[in-house]
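Reviewing the structure listed below.
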Amino acid sequence: MTKKVLMKGNEAIAEAAVRGGCRFFFGYPITPQTEIPEYLSWRLFEVGGDFVQAESEVAAINMVYGAGGAGGRAMTSSSSPGISLKQEGISYMAMAEIPAVVVNMVRAGPGLGGIQPAQSDYSQAVKGGGHGDYKLLVYAPATIQEAVNLMYIAWDKAEQYRIPVFILGDGMMGQLMEPIELPPMKQPNDPEKFDWATTGSHYGEGRRIINSLYLKSEECLQQNYRLQAKYREIEKNEVICETIDCDDAEIVLTAYGSVGRICKSALPILRQKGIKVGLIRPTTLFPFATKVFEEVANKPNVKRFLTVELSAGQYNEDVRLAVNGKKPIDLLSRMGGEVMSAEDIVEKVMEVIK
Amino acid sequence: MKVQIDFEKCKGCGLCVTACPKKILKMGAKSNKGGYFVVECIDKEQCIACAACAYICPDSVLEVR
Amino acid sequence: MPKWTKPKMLTDATLSFCPGCSHGIATKLVAEVLDELGLQSKTVEVASVGCSVFSYNFFNCDSQQAAHGRAPAVATGIKRVHPDKIVFTYQGDGDLASIGLAEIVHAGLRGENITVIFINNAIYGMTGGQMAPTTLIGQKTSTSPFGRDPKKQGNPIKMCELLATQTGPAYIERVMVSDYANILKTKKAIKKAFEYQIAGKGFTMIEILAACPTNWGMNPPDAMQFIKNDMAANYPLGVYKDIGGDK
């Protein structure tokens, strides 16, 4: 077992990116994610990479477009208002099939909102966010260790599917310090090895074009079909979801990210009170763990669900679709940067099972 | 063999006519598939192969050998 | 020895531009320069949005199509991954001087080692002749139908002058393609810009005063005269910045 190190969430994510082969960062400061660019502004130069503090979020995501399209392992990170600015670029990247990683350390919105943790960018991350029919591969880690592990594989998945990978964290995870295990250093792929990357080495017949424009509707349709087929493939292969104690649970909690972690600490308290409680905690938000919800909802022991989220029910919409009316669902929601405690969850459970 | 004109590629803009110092390029009466009246060289003997027409042509229609 | 044949860096695709459009001349000149400098298999072009959107079909090299105004940011990303390759953007005035103003200015400030080919025809061509940031005072467009009035629609932007005041850019020149002599001067400027990039001197931009006969409502020869008489009077030609051979 490797030695554990104590690291702040944002810095651990940055180090895990480097170890996962990331060599290029383009970003813009915004609380609560700024430690990611700060860390990478020196770290990337140690590994022969490059770092640009862009003039805006808009420029940053388009630099990622260029670098990713040229075969480099590139990323940007931001927080909610900044991520909104990046949506145009992310939509272009989805259509042009550019592998890259985008980190969102979500803060409260709408507008400038606040800098405290929230999950109110759920729909933006999971349903597309920008214009057009597209999806991102969305990971929502619950702990810093899980975030590290996901950053480490993010570019492998991005390149495998030629898709932007989205890490949906929150301000809490970014600012928390935890002992973690760091994976070994992985070397990025040689851009010349890809058969699509515009490395400049091609001329005439073999030249490559990174493009999202399809003016002929038939060609645009075909490209959309291609994207959708890829998303179905991702739905088949990439679901990650943790379930705890659903085999005898009468009430099943469901939450993702930091809230999933808080739910976990509510479980033993509730069990001590004699309440049979379980948890579904998806790590991937797209693809959504629909099958897991179906299976749990079909269990005769499961009487009801309780969705817990730091938004007004955005996540619950997908939970309701997956549970599909089989069992009643309650919602515990907090907004504005207020975070519920394990005790709040216990209290809500006691209230709904009455 | 001096100036050669790619009949189908010409868009009939007439810029080469203004550029030719020998005034031997004229807008023709024949149109191509694009519906453009194509430029003609009315006296190849006089062409001095200066390539002014080729340089001003936006569509690289003229070749000068 | 042929006096002029189509450059190899130009594909066989029929250009999507209207008859007499200066885009064709500029595209061809860039392709010739890339040929002459032996930059086949060493170059990435970044296409922008507007009539220049299809330039990835015309340059015979690797190419990325950028979102509106973002070509210098996209080029930055490419260049940082491949600093040994030649990267250039091909942008119009709406793209570069309006929606993409931040990106061009900051690419210049960073001294990003890329070349920018900036086509200034004082109008939005692709969308059908709307007012551009570079539209001349008094010039009629479909969104300034009474002529551009500075009190209502603001003043034209002078990109070369703006960028030349900053530290960062290595070489900035404004040229025009109104006639044979000026076309040769334009080619020379483009070549110098790429030579600077090869030498690692930093950011270079060539602003080309160009004609849009269709949206100007002129025949192509008259449009060329408009460049010479009106465009050049408002956008003076010349070298605005040149750090020379030493840096």
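Kindly express, to the nearest 10 degrees and within the range 0 to 90, the angle between helix C:71-81's C-alpha long axis and the longest C-alpha principal axis of chain C.
10
Where in the stretch A:273-314 is the amide nitrogen less than 17 Å from a point lying 7 Å along the Cα-to-Cβ axis of A:D247?
Output list for this probe position: A:276-280, A:295-302.
Could you list log10 I(q)/I(0) for the stretch A:4-237 at q = 0.09, 0.14, 0.15, 0.16 Å⁻¹, which the Debye formula gives when each Cα is one point scatterer?
At q = 0.09, 0.14, 0.15, 0.16 Å⁻¹ the computed log10 ratios are -0.34, -0.84, -0.97, -1.10.
A plus C alone minus the pair: what accessible area, both sides summed, probe 1.4 Å, in Å² to 100?
Roughly 2800 Å² of accessible surface disappears when A and C pair.
When chain A is treated as a GNM, springs tying every alpha-carbon pair under 10 Å, which of A:G128, A:G204, A:G89 comes out with the largest mean-square fluctuation?
So, out of A:G128, A:G204, A:G89, the one fluctuating most is A:G204.
Students sometimes get this wrong: rank A:L137, A:L85 by accessible area, probe 1.4 Å, all chains present, largest first.
A:L85, A:L137
Which value, in debye to the nearest 20, describes the size of the charge dipole of the stretch A:179-291 about its Cα centre when Lys and Arg Cβ atoms bear +1, Asp and Glu Cβ atoms bear -1, and nothing else is charged?
In total the dipole reaches around 280 debye.
Grab the beta carbon distance between A:K291 and B:K44, set R0 = 51 Å, and tell me the FRET efficiency rounded to 0.05.
0.10
Averaged across A:94-103, how many Cβ atoms of other chains sit within 10 Å of each residue's Cβ atom?
Taking all residues of A:94-103 together, the mean is 1.
Mind grabbing the accessible area of A:T254 for me, 1.4 Å probe, Å², rounded to tens?
Probe radius 1.4 Å; accessible area of A:T254 about 0 Å².
I need the P(r) histogram for chain C: all alpha carbon pairs, bin width 10 Å from 0 out to the longest distance, whole percents.
8, 35, 39, 16, 2, 0
Which FRET efficiency value, to the nearest 0.05, do you get for A:E218 and C:E36 by plugging their Cβ-Cβ distance into 1/(1 + (r/R0)^6) with R0 = 41 Å?
With R0 = 41 Å, the Cβ-Cβ based efficiency is 0.55.
Please name which of A:V349, A:I144, A:I98 has its Cα lying farthest along the dipole of chain A towards the positive end, using unit charges on Cβ (Lys, Arg +1; Asp, Glu -1) and the Cα centre as origin.
Value: A:V349.
What number comes out for the charge environment of B:I24, summing +1 per Lys or Arg and -1 per Asp or Glu over other residues with Cβ under 13 Å away?
Residues near B:I24 contribute +2 overall.
Which one, A:D133, A:D245, A:D195, has the greatest fluctuation when you compute a Gaussian network model over chain A with C-alpha springs under 10 angstrom?
Of the options given, A:D195 has the highest mean-square fluctuation.
Return one whole number: the accessible area per residue of chain B in Å², for a 1.4 Å probe.
For chain B, the solvent-accessible area averages 49 Å² per residue.
Given R₀ = 30 Å, FRET efficiency for C:N219-C:T165 by Cβ-Cβ distance, to 0.05?
Approximately 0.20, to the nearest 0.05.
Rounding to the nearest 20 debye, state how big the charge dipole of the stretch A:1-114 is about its Cα centre with +1 on each Lys and Arg Cβ and -1 on each Asp and Glu Cβ.
Dipole size: approximately 420 debye.
Hey, any idea what the orientation-averaged projected area of the convex hull of the stretch B:3-64's Cα atoms comes to, in nm²?
Orientation-averaged projected area of the Cα hull: 3.5 nm².
Does the stretch C:49-138 come out rounded, prolate or oblate, given a ≥ b ≥ c as the square roots of the eigenvalues of its C-alpha gyration tensor, rounded meaning a/c under 1.5 and, failing that, prolate meaning a/b above b/c?
Note, shape of the stretch C:49-138 comes out oblate.
Let me have the 222 nm mean residue ellipticity of chain A computed from DSSP H runs of 4+ only, each contributing -39500 (n - 2.57), with the sum over all residues rounded to the nearest 500.
The helix-only estimate for chain A comes to -13000 deg cm²/dmol at 222 nm.
Taking the full set of protein chains and a 1.4 angstrom probe, give the accessible area of A:S212 in square angstrom, rounded to the nearest 10.
30
Mind ranking C:F58, A:F45, A:F51 by accessible surface for me, highest first, 1.4 Å probe?
The ranking, largest first, comes out as A:F45, A:F51, C:F58.
Excluding ligands and nucleic acids, what accessible area in Å² is computed for A:Y92 using a 1.4 Å probe, to the nearest 10?
Using a 1.4 Å probe on the heavy atoms, I get roughly 40 Å².
Just counting partner chain Cβ atoms within 10 Å, what average do the residues of peptide A:40-50 show around their Cβ?
Mean inter-chain Cβ contacts per residue within 10 Å come to 1.
Using a 1.4 angstrom probe, figure out how much accessible area chain A has per residue, in square angstrom, rounded to the nearest whole.
I get 38 Å² per residue for this part.
Given the Cα-Cα distance of A:D344 and A:R271 and 0.36 nm per residue of separation, how much length would full extension add, in nm?
The A:D344-A:R271 span can extend by a further 24.8 nm.
How many partner chain Cβ atoms sit within 10 Å of a residue's Cβ in peptide B:45-54, on average, as a whole number?
Mean shielding by partner chains, rounded to a whole number: 3.
How tilted is helix A:35-46 with respect to the longest principal axis of chain A? Cα atoms for both, answer in degrees (0 to 90, nearest 10).
40
Could you give log10 I(q)/I(0) at q = 0.22, 0.26 Å⁻¹ for the stretch A:8-72, computed by the Debye formula over C-alpha point scatterers of equal weight, without solvent?
Debye intensities relative to I(0), on a log10 scale: -0.91, -1.21.
Tell me what chain C gives for mean residue ellipticity at 222 nm when only DSSP H runs of n ≥ 4 count, each as -39,500 (n - 2.57), the sum divided by the residue total, rounded to 500 deg cm²/dmol.
Only helices count here, giving -9000 deg cm²/dmol.
Please compute the modelled spin-label separation between A:E238 and A:R226, points set 7 Å along Cα→Cβ, answer in nm with one decimal.
Rounded to a tenth, the inter-label distance reads 1.7 nm.
Determine, at each q value in 0.20, 0.23 (inverse angstroms), the log₁₀ of I(q)/I(0) that the Debye formula gives when each Cα of the stretch C:97-216 is one equal point scatterer.
Each listed q corresponds, in turn, to -1.10, -1.25.
Long-range amide H contacts for C:G69: which residues qualify at under 5 Å (H placed 1.01 Å from N, peptide plane, sequence gap of 5 or more or a different chain)?
Those qualifying (amide H under 5 Å, at least 5 residues apart or on another chain) are C:V49.
Solvent-accessible area per residue for the stretch C:22-242 at a 1.4 Å probe radius, Å²?
With all protein chains present, the stretch C:22-242 gives 30 Å² per residue.
Of the heavy-atom accessible surface of the protein assembly as shown (probe 1.4 angstrom), what whole percent is carbon and sulfur?
52
Taking the Kirkwood radius as the inverse of the mean 1/r across Cα pairs, report the Rg/Rh of the stretch A:242-353.
0.92
Using only the alpha carbons, work out the radius of gyration and Dmax of the protein assembly as shown in angstrom.
When restricted to Cα atoms, the protein assembly as shown yields Rg and Dmax of 29.1, 105 Å.
Among residues other than B:C50 whose Cβ falls under 12 Å from its Cβ, what is the net charge (Lys/Arg +1, Asp/Glu -1)?
+3
Mind telling me which of A:G174, A:G132, A:G109 comes out most flexible in a GNM of chain A, alpha-carbon contacts under 10 Å?
A:G132
The values are calculated or read from the model by the stated rules, or taken from the named source; none is laboratory data. Just so you know, these numbers come straight off a predicted model, no measurement behind them. We place every Cβ from the backbone using ideal geometry, glycine too, and count neighbours over all the protein chains shown. Side chains are part of the model used for accessible areas, which takes the heavy atoms of the whole protein and leaves out ligands, DNA and RNA. Shrake-Rupley method; radii C 1.70, N 1.55, O 1.52, S 1.80 Å.
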